[in-house]
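Presented below is the structure to which this report refers.
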Amino acid sequence: MREDEIEIPNTHPRAKSLRIREKLIEGFRKGLVAYAGLIAHGRGEAFDYILRERTHQFAIDAMRAAIASFMLAKHPVFSVNGNVAALVSKDYVKLAELLNAKLEVNLFYRTRKRELLIRDELVRSGAKEVLGVDEEYRTEIPEIKHLRRFVDTRGIYIADVVFVPLEDGDRTSALIKLGKKVVTIDLNPLSRTAQWASITIVDNIVRAIPKMIEIYRDLSKKDKEYLLDILRNYDNARVLSQAMITMKKNLEELASKGVFIEEVKDYLGDKI
Ligand code: ATP
Ligand code: MG
């Protein structure tokens, strides 16, 4: 146990969320997660509060469209950053394998050390091949200025559908402008990534990836026409709209009560 690690009892009302936070701190300690990754997680958590930490129907609709797109893709690629590796490494590798997608390390705050650490984490999680770490296959996306412009010639460079969960807006827009279909997971429906992506899953990545594995198991039994139909009926603007409406409704409902947490109500008793 780390000296600063906290023990989280199962009975703690926010046990799940605290455990996710601990995973990220552990990832930071190991060198997988960047400083900015910790801050990004905080942004995500704030939106998850407003979603009441649940996977909603609009997210399921986006997941189904995402899985259909990966199944129909010629070169599906899953991008990996520090937060993804720290939070869902095993399931992410598993989903990529089920969908025959390549895994590519791609970091906003790129250092050789972090890149290799993430590769090792993916290999430990069962990955047979990890792109994005080999200088020999590195090329640039000219539209992007920062370090994330580098991509693998066997991966994102030739990909038709790219999965970029917890991604930065500049990179997402550059991939879209290159003609690629972009799938993201982002708890913030207002972010540039959420807005630019072709398919936006507004959910916590920790809930979303296992759910996507489940959805794959269902869709793998369907024919091509069925998958095409999912995509024909999919509208990302509508999904974003539903995410925002759900947040608005949740806030309205909670606002009507003011204090809504049971333990606080119990403590305050007559005073509210
Ligand atoms: P953008 O560049 O897209 O406008 P940004 O600069 O706020 O957004 P980035 O750091 O570039 O954000 O991307 C991280 C995104 O991932 C944020 O929108 C954040 O809300 C989201 N996020 C963080 N943790 C999670 C998580 N566990 N699950 C889903 N989304 C998350
Ligand atoms: Mg950003």
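May I ask for the Rg/Rh ratio of the stretch 118-241, computed from Cα atoms with Rh as the Kirkwood radius, given to two decimals? List each step's numbers first, then the result.
On the way: Rg = 15.7 Å, Rh = 16.1 Å.
On the Cα set of the stretch 118-241, Rg over Rh gives 0.98.
Listed here are the pairs LYS23/LYS177; LYS90/LYS224; LYS23/LYS221; LYS145/LYS181; LYS211/LYS249; which of them are more than 30 Å apart at the Cα?
Details: LYS23/LYS177 34 Å; LYS90/LYS224 28 Å; LYS23/LYS221 34 Å; LYS145/LYS181 21 Å; LYS211/LYS249 24 Å.
Pairs exceeding the cut-off: LYS23/LYS177; LYS23/LYS221.
Identify the residues of the stretch 25-44 with backbone N under 16 Å of a label point that sits 7 angstrom from the Cα of LEU18 along the Cα-to-Cβ direction, or state none.
What the label zone holds, given the 16 Å backbone N cut-off, is 25-26.
I need the calculated FRET efficiency for the pair HIS146 and ASN100, taking r as the beta carbon distance and R₀ as 30 Å, to the nearest 0.05.
Details: r = 30 Å, r/R0 = 1.00.
Rounded to the nearest 0.05, the efficiency is 0.50.
Please find the FRET efficiency linking LYS248 to THR153, where r is the Cβ-Cβ separation and R0 is fixed at 51 Å, and quote it to the nearest 0.05. Spell out each step's value before the answer.
Details: r = 44 Å, r/R0 = 0.87.
With R0 = 51 Å, the Cβ-Cβ based efficiency is 0.70.
Which whole-number value in Å² is the accessible area per residue of the chain, probe 1.4 Å?
Details: 14150 Å² over 272 residues.
That works out to 52 Å² for each residue.
With a 1.4 Å probe and all protein chains left in place, how much of the accessible area of the chain comes from carbon and sulfur atoms, in whole percent? Write out the running numbers ahead of the final one.
On the way: 7440 of 14150 Å².
Within the chain, the accessible surface is 53 percent carbon and sulfur.
Filter the trypsin sites (Lys or Arg not before Pro) in the stretch 108-144 to those in DSSP coil with at most 16 other Cβ atoms within 10 Å of their Cβ, and list the result.
On the way: sites: ARG110, ARG112, LYS113, ARG114, ARG119, ARG124, LYS128, ARG138; in loops: ARG110, LYS128.
Sites meeting the loop and neighbour criteria: LYS128.
Between TYR49 and LYS222, what is 0.36 nm times their sequence separation minus the Cα-Cα distance? Round to one decimal in nm. All intermediate terms of the calculation are to be shown ahead of the outcome.
Numbers: separation 173, 0.36 × 173 = 62.28 nm, distance 3.51 nm.
The span from TYR49 to LYS222 would gain 58.8 nm if fully extended.
For the chain, which span is the longest to avoid every loop-located (per DSSP) member of GluC sites (Glu not before Pro) having at most 10 other Cβ atoms inside 10 Å? Could the numbers behind the result be given before it?
On the way: sites that count: GLU3, GLU7.
So the longest stretch without any such site is 8-272.
Counting only C-alpha contacts under 8 Å and six or more residues apart, can you give the relative contact order of the stretch 57-109 as a whole percent?
On the way: 36 pairs, mean separation 23.3, N = 53.
Over the stretch 57-109, the number comes to 44 percent.
So if I take the alpha carbon set of the stretch 193-266, get Rg, then get Rh from the Kirkwood formula, what is the Rg over Rh ratio? If you can, show how the numbers build up before the last one.
Numbers: Rg = 17.4 Å, Rh = 15.4 Å.
Using only Cα positions, Rg/Rh for the stretch 193-266 is 1.13.
Could you give the length gained on full extension between THR111 and THR11, defined as 0.36 nm per residue of separation minus the Cα-Cα distance, in nm?
Working: separation 100, 0.36 × 100 = 36.00 nm, distance 3.95 nm.
The THR111-THR11 span can extend by a further 32.0 nm.
Would you calculate the separation in nanometres between label points at ARG238 and VAL264, each defined as 7 Å from the Cα along the Cα-to-beta-carbon direction?
3.6 nm
Could you tell me how far the Cα centroid of the stretch 177-245 sits from the Cα centroid of the stretch 13-86, in Å?
Between the Cα centre of the stretch 13-86 and that of the stretch 177-245, the gap is 14 Å.
Just need the relative contact order of the stretch 68-223 here, percent rounded to a whole number, with Cα pairs under 8 Å and 6+ apart.
Answer for the stretch 68-223 is 22 percent.
Determine the dipole magnitude for the stretch 28-98: charges of +1 sit on the beta-carbon of Lys and Arg, -1 on that of Asp and Glu, nothing else is charged, the reference point is the Cα centre, and the result goes in debye to the nearest 20.
Working: 9 positive and 6 negative charges, 30 e Å.
Computed about the Cα centre, the dipole is about 140 debye.
With every protein chain left in place and a probe of 1.4 Å, what is the accessible surface of VAL93, to the nearest 10 Å²?
For VAL93, the solvent-accessible surface is approximately 10 Å².
Step by step: find N for the stretch 1-92, compute 2.2 N^0.38 Å, then divide the Cα radius of gyration by it. What's the final number? Kindly include the intermediate steps, with their values, before the conclusion.
Numbers: Rg = 15.8 Å, N = 92, 2.2 N^0.38 = 12.3 Å.
Compared with the compact-globule rule of thumb, the stretch 1-92 sits at 1.28.
Using the Cα centre of the chain as origin and beta-carbon charges of +1 (Lys, Arg) and -1 (Asp, Glu), tell me which of ILE261, PRO9, LEU24 is placed farthest towards the positive end of the dipole.
LEU24
Of ALA36, ILE50, VAL164, whose Cα points farthest to the positive end of the dipole of the chain (charges on the beta-carbon: +1 Lys, Arg; -1 Asp, Glu; origin at the Cα centre)?
VAL164
Does anything in the stretch 151-174 have its amide N under 12 Å from the 7 Å Cα→Cβ label point of LEU72, and if so which residues?
none
In deg cm²/dmol, rounded to 500, what helix-only [θ] at 222 nm does the chain give when every DSSP H run of at least 4 residues adds -39500 (n - 2.57) and the total is split over its residues? Could the numbers behind the result be given before it?
Working: 11 runs with 145 residues, N = 272.
Using -39500 (n - 2.57) per qualifying helix, the result is -17000 deg cm²/dmol.
Amide H neighbours of ILE201 under 5 Å, counting only residues 5+ apart in sequence or on other chains, H built in-plane at 1.01 Å?
THR184, ILE185, ASP186
Ignoring ligands and nucleic acids, what accessible area does THR153 show with a 1.4 Å probe (Å², nearest 10)?
50 Å²
Tally the DSSP beta bridges in the chain and give the antiparallel ones as a percent, rounded to 5.
Of the beta bridges lying entirely in the chain, close to 20 percent run antiparallel.
Would you pull out the residues with amide H under 5 Å of LEU131's amide H, same chain only if 5 or more places away, H placed 1.01 Å from N?
Amide H neighbours of LEU131, under 5 Å, 5+ apart: LEU103, GLU104, VAL105.
Over every pair of different alpha-carbon atoms in the chain, take the mean of 1/r and invert it; report that Kirkwood radius in Å. Before the final figure, lay out the partial values.
On the way: mean 1/r = 0.0512 Å⁻¹.
That comes to 19.5 Å for the chain.
Could you quote the convex hull projected area for the stretch 67-142, Cα atoms only and averaged over all directions, in nm²? The partial results should precede the final answer.
Details: hull surface 22.0 nm².
Result: a mean projected hull area of 5.5 nm².
Hey, got the dipole for the chain? About the Cα centre, +1 on K and R Cβ, -1 on D and E Cβ, debye to the nearest 20? Please report the intermediate quantities before stating the final value.
On the way: 46 positive and 41 negative charges, 79 e Å.
In debye, rounded to 20, the chain gives about 380.
Between the DSSP loop rule and a limit of at most 16 other Cβ atoms within 10 Å, which trypsin sites (Lys or Arg not before Pro) in the stretch 1-97 are left?
Details: sites: ARG2, ARG14, LYS16, ARG19, ARG21, LYS23, ARG29, LYS30, ARG43, ARG52, ARG54, ARG64, LYS74, LYS90, LYS94; in loops: ARG2, ARG14, ARG52, ARG54, LYS74.
In loop regions of the stretch 1-97 (DSSP not H, G, I, E or B), the sparsely surrounded trypsin sites (Lys or Arg not before Pro) are ARG2, ARG14, ARG52, ARG54, LYS74.
So, taking all protein chains as they sit and a 1.4 Å probe, how much accessible area belongs to TYR137, in Å² rounded to tens?
Here the accessible area works out near 70 Å².
The values are calculated or read from the model by the stated rules, or taken from the named source; none is laboratory data. On a predicted model such as this, the values are computed, not experimentally measured, just so you know. So basically every Cβ, Gly included, is an ideal-geometry build from the backbone, and we count neighbours across all protein chains shown. Side chains included, ligands, DNA and RNA excluded: accessible areas come from the protein's heavy atoms. Shrake-Rupley method; radii C 1.70, N 1.55, O 1.52, S 1.80 Å.
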